[in-house]
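Structure record follows, encoded as structure tokens.
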Amino acid sequence: MPRLERQLDALTRFYGRLPSPPSDPFTLFVWEVLAVHSTPRKRDAALGALKRARALTPDAMWRVAPKKLEEAVALAGSYADQRLRALKTGVDVFRRSPDLPAVIRGPIAAARRALKALPQMGEGGAYRMLLFAAGHPVLPVDARVARVARRLGYVDAQSSFTGAARTLRSTVATELPATLDAYRRAFVYLNHHGAATCTEADPHCHVCPLLSDCPEGKRRQA
């Protein structure tokens, strides 16, 4: 079994079943906006409030009472005004382009161009949209995923973020099956590991299930 697949198996046993981002394109866009400068708990509380208000389609969010929208978005924490502006822009994009979900499920180059119209997505959000909502087997690489990859030795410690992302995607293409399930699991568990255990300032190497296979963890524990 390839090294990366073994490590993902170990993370799956360690953390148990983890939830994936939403698979509906508009809901995933809302999830991304709520996640910026927030925590998973606050993000999910805000998303749950929008779901209860039945505001998780472009037309429904456009029609929902402003007070209900504001109260739901406030649950995500600070930057509520920025979130509301981003959501308004996104609603306009989805309503003007009803074929956007179909476009992003098509050729990747056209899909990425279409996603640039959405605010607060960035490359990480675009790749998450391609993977979880559009069915493309691609790996989103964010700061958490890149950090885990560097510490495990998949990526040179001195490489740029862009170089690290390119190297890691090449490794994943070699070591994992080219299936949606494999790529989705890789992102979910590497990202969660970077948030929960392989943290930036004070990684919890002593409890990490990958310690025996991690050069950085061994160095820190020596």
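The values are calculated or read from the model by the stated rules, or taken from the named source; none is laboratory data. Here the structure is a predicted model, which means the values were calculated and not measured. Glycine also receives a Cβ, built like all others from the backbone with ideal geometry; neighbour counts cover every protein chain displayed. For accessibility, only protein heavy atoms count, side chains too; no ligands or nucleic acids. Shrake-Rupley method; radii C 1.70, N 1.55, O 1.52, S 1.80 Å.
Here is how the numbers come out for the structure above:
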| read-out | value |
| --- | --- |
| Residues of the stretch 94-122 satisfying the condition of being touching a Pro at 6+ places or on another chain (Cβ under 9 Å) and without any contact (Cβ under 8 Å) to a residue 12 or more places away in the chain | 98 |
| Residue in the stretch 74-89 that is surrounded by the fewest Cβ atoms within 10 Å (Cβ to Cβ), counting only those that are of a type outside the set (Lys, Arg) and assigned to a helix (DSSP H, G or I) | 81 |
| In the stretch 154-175, the residues that are open to solvent by 50 Å² or more (accessible area, probe 1.4 Å) and not charged (D, E, K, R) | 157, 158, 160, 161, 162, 167, 170, 173, 174 |
| Odd one out for residue 105 among (1) open to solvent by less than 70 Å² (accessible area, probe 1.4 Å); (2) closer than 24 Å to residue 184 by Cα; (3) at pLDDT 95 or above | (1) |
| Contacts under 6 angstrom Cβ, first residue in the stretch 138-150 being on the phi < 0 side of the Ramachandran plot and open to solvent by less than 30 Å² (accessible area, probe 1.4 Å), partner at pLDDT 95 or above and of a type in the set (S, T, N, Q), 6 or more apart | 145/191 |
| Residues within the stretch 162-202 that are within 16 Å of the chain's Cα centre (by Cα), within 24 Å of residue 136 (Cα to Cα) and in contact (Cβ under 8 Å) with a residue 12 or more places away in the chain, tallied | 17 |
| Yes/no for residue 43 being within 21 Å of residue 143 (Cα to Cα), under 18 Å from the mean Cα position of the chain (by Cα) and charged (D, E, K, R) | yes |
| Residue check, residue 127 surrounded by 13 or more Cβ atoms within 10 Å (Cβ to Cβ), among the hydroxyl-bearing types (Ser, Thr, Tyr) and within 16 Å of residue 10 (Cβ to Cβ) | no |
| Hits in the stretch 176-195 - residues which are open to solvent by 20 Å² or more (accessible area, probe 1.4 Å) and within 14 Å of residue 10 (Cβ to Cβ) | 185, 192 |
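So that you can scan it fast, the table gives a plain yes or no per residue for (1) open to solvent by 70 Å² or more (accessible area, probe 1.4 Å); (2) farther than 26 Å from residue 183 by Cα; (3) part of a helix (DSSP H, G or I):
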{"residue": "19", "(1), (2), (3)": "yes, no, no"}
{"residue": "32", "(1), (2), (3)": "no, no, yes"}
{"residue": "45", "(1), (2), (3)": "no, yes, yes"}
{"residue": "51", "(1), (2), (3)": "yes, yes, yes"}
{"residue": "55", "(1), (2), (3)": "no, yes, no"}
{"residue": "72", "(1), (2), (3)": "no, yes, yes"}
